[in-house]
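Below is one structure; the comments refer to it alone.
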Amino acid sequence: MDGGAHSSGVHRWRKRNLSERSGDGARLGGGHTFTNILFHPTSVSLRNISSEVRKLQESAVRMPEINTDDLDDKQVQLLAEMCILIDENDQKTGAESKKNCHLNCNIDKGLLHRAFSVFLFNSEDKLLLQQRSNAKITFPGCYTNTCCSHPLHIASELEELDAIGVRRAASRRLEAELGIPMNQVPPEEMTYLTRIHYKAQSDGVWGEHEIDYILFMQKDIEVDPDPNEIQTHCYVTKGELKEMLKKAKNNELLITPWFRLIAETFLFKWWDNLQNLKQFMDHEKIHRM
């Protein structure tokens, strides 16, 4: 067979083969069936996209794998919750798991998330403290303010006007940790004072790096703590808390770093003015601790 006949035969084969595969064939002169689509750019593009995706997956920075076998099962489950990532001006930048937000190796790279600290006082002006359970992954066994946690990356807790999303999260966590019915601690009864930015290591693996919303509330409530969250709780006077802070300096008891920072700077001034907190409300400044 010469070159011309070979070329013509191949051409006829291609036309016939394509028309058999395609339902979009059209009859042409000479009885040939010729497809309207001689090649499929979509399939080529998909192959190219798949190749690019594989390259991105291979080059992406992967979050570290951490062995959690020795940690409390319930607390490990909570590590899957999605926190709100922010920049140093508290502007939302995305979402990341609680686990990845609390790994020192990520914190050292600048990973920062939104948090809150609740200070709840009773009608006798005593502050409700909790001692974190030994099951907690960060700062186990430490005394701290009433409740400390994170708003989640969900619509109701992402709302920023008057920090309503953060206050909703606080109501949710007061019930989860202390068993306080949410109707006793509604968001609208919490006073949002200001924000602090701090960083602290719990151990060689876990730590905190947060912009922390300070929320005050005064009310008599019912408490029924979850022992997986809280080891003990107590109401303290200013004098009793000052004694606890002294003991913490002497390593006689443990206090969380954010609570110590707040207590040593702002807390007693705010505490002296529970009926006139508006003078301390500052929603513009973020205090770098």
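Would you kindly derive the ³J(HN,Hα) couplings of region 203-212 from the backbone phi angles with the Karplus curve 6.51 cos²θ - 1.76 cosθ + 1.60 (θ = phi - 60°), listing them in order in whole Hz, with x for Gly and Pro?
With coefficients 6.51, -1.76 and 1.60, one gets 7, x, 10, 10, x, 10, 8, 9, 9, 9 Hz.
Pairs of Cα atoms under 8 Å, at least six residues apart: use those to get the relative contact order of region 111-217, whole percent.
On the way: 203 pairs, mean separation 33.9, N = 107.
Relative contact order comes out at 32 percent.
What FRET efficiency do you get for I286 and E124 if R0 is 35 Å and r is their Cβ-Cβ distance, rounded to the nearest 0.05?
Numbers: r = 32 Å, r/R0 = 0.92.
With a Förster radius of 35 Å, E is 0.60.
Which FRET efficiency value, to the nearest 0.05, do you get for D108 and N251 by plugging their Cβ-Cβ distance into 1/(1 + (r/R0)^6) with R0 = 35 Å? Can you show the working numbers first?
Numbers: r = 26 Å, r/R0 = 0.75.
After rounding, the FRET efficiency stands at 0.85.
Exactly which GluC sites (Glu not before Pro) in region 231-284 are in a DSSP loop and have at most 16 other Cβ atoms within 10 Å? Walk me through the numbers before you get to the answer.
Values: sites: E240, E243, E252, E264, E284; in loops: E252, E284.
Here the GluC sites (Glu not before Pro) that fit, given the DSSP loop and packing criteria, are E252, E284.
Could you give each residue of region 182-194 its phi-based ³J(HN,Hα) in whole Hz, using Karplus coefficients 6.51, -1.76, 1.60 with θ = phi - 60°, and x for Gly or Pro?
Computed from phi, the couplings for region 182-194 are 4, 6, 8, 10, x, x, 5, 9, 8, 9, 8, 8, 6 Hz.
What size of dipole, in debye to the nearest 20, comes out for region 179-229 about its Cα centre when the only charges are +1 on Lys and Arg C-beta atoms and -1 on Asp and Glu C-beta atoms? Mind showing how you got there, number by number?
Details: 3 positive and 11 negative charges, 62 e Å.
The dipole of region 179-229 has a size of about 300 debye.
How long is the gain from K269 to I221 if the chain were fully straight, where each residue apart is worth 0.36 nm and the alpha carbon distance is subtracted? It would help to have the intermediate numbers written out before the result.
Numbers: separation 48, 0.36 × 48 = 17.28 nm, distance 2.38 nm.
Computed gain between K269 and I221 is 14.9 nm.
Skipping prolines and chain starts, which residues have an amide H placed within reach, meaning under 5 Å, of the one on L112, given they are 5 or more residues away or on another chain?
I86
If you count the DSSP beta bridges with both ends in region 188-245, what percent of them are antiparallel, to the nearest 5? Mind showing how you got there, number by number?
Working: 9 of 9 bridges.
The antiparallel proportion sits near 100 percent.
Where does the charge balance sit around K136 when Lys and Arg score +1, Asp and Glu -1, over other residues with C-beta under 10 Å from its C-beta?
Details: positive: R132; negative: D72, E229.
Spelling it out: positives minus negatives among the neighbours equals -1.
With a cap of 16 neighbouring Cβ atoms within 10 Å, and only residues DSSP puts in a loop, list the chymotrypsin sites (Phe, Trp or Tyr not before Pro) found in region 250-289. It would help to have the intermediate numbers written out before the result.
Numbers: sites: W258, F259, F266, F268, W270, W271, F280; in loops: none.
When the chymotrypsin sites (Phe, Trp or Tyr not before Pro) of region 250-289 are filtered for loop state and at most 16 Cβ neighbours within 10 Å, nothing remains.
With a 1.4 Å probe and all protein chains in place, put E81, E188 in order of accessible area, largest first.
On the way: E81 55, E188 140 Å².
Output order, biggest surface exposure first: E188, E81.
List the lysines whose Cα lies under 20 Å from the Cα of K249, skipping any in the same chain that are fewer than 8 positions away.
The qualifying lysines are K199, K238.
Out of residues 5 or more away from Q218 or on other chains, whose amide H comes under 5 Å of its own, with H placed 1.01 Å from N in the peptide plane?
Result for Q218 returns F121.
If each of A176 and E88 carries a label point 7 Å out from its Cα toward its Cβ, how far apart are those two points in nm?
Rounded to a tenth, the inter-label distance reads 3.0 nm.
Heavy-atom accessible area of K92 with all protein chains present, probe 1.4 Å, nearest 10 Å²?
Its heavy atoms expose roughly 100 Å² to the probe.
What net charge do the residues around R168 carry, taking every other residue with its C-beta under 9 Å from that of R168, with Lys and Arg at +1 and Asp and Glu at -1?
Details: positive: R167, R172; negative: E157, E159.
Here the charged neighbours net out to 0.
Ratio of region 113-175's C-alpha Rg to 2.2 N^0.38 Å, to two decimals?
Values: Rg = 13.0 Å, N = 63, 2.2 N^0.38 = 10.6 Å.
The value comes to 1.22.
Using the Cα centre as the reference, give the magnitude of the dipole from point charges on the C-beta atoms of region 166-289 (Lys, Arg: +1; Asp, Glu: -1; all else neutral), rounded to the nearest 20 debye.
Working: 17 positive and 20 negative charges, 118 e Å.
It comes to approximately 560 debye.
The values are calculated or read from the model by the stated rules, or taken from the named source; none is laboratory data. Just so it is clear, the structure is predicted and the values come from calculations on it, not from any experiment. Ideal geometry is used to build each Cβ from the backbone, glycine not excepted, and the neighbour counts take in all protein chains shown. Quick note on the areas: whole protein, heavy atoms, side chains included, nothing else; ligands and nucleic acids left out. Shrake-Rupley method; radii C 1.70, N 1.55, O 1.52, S 1.80 Å.
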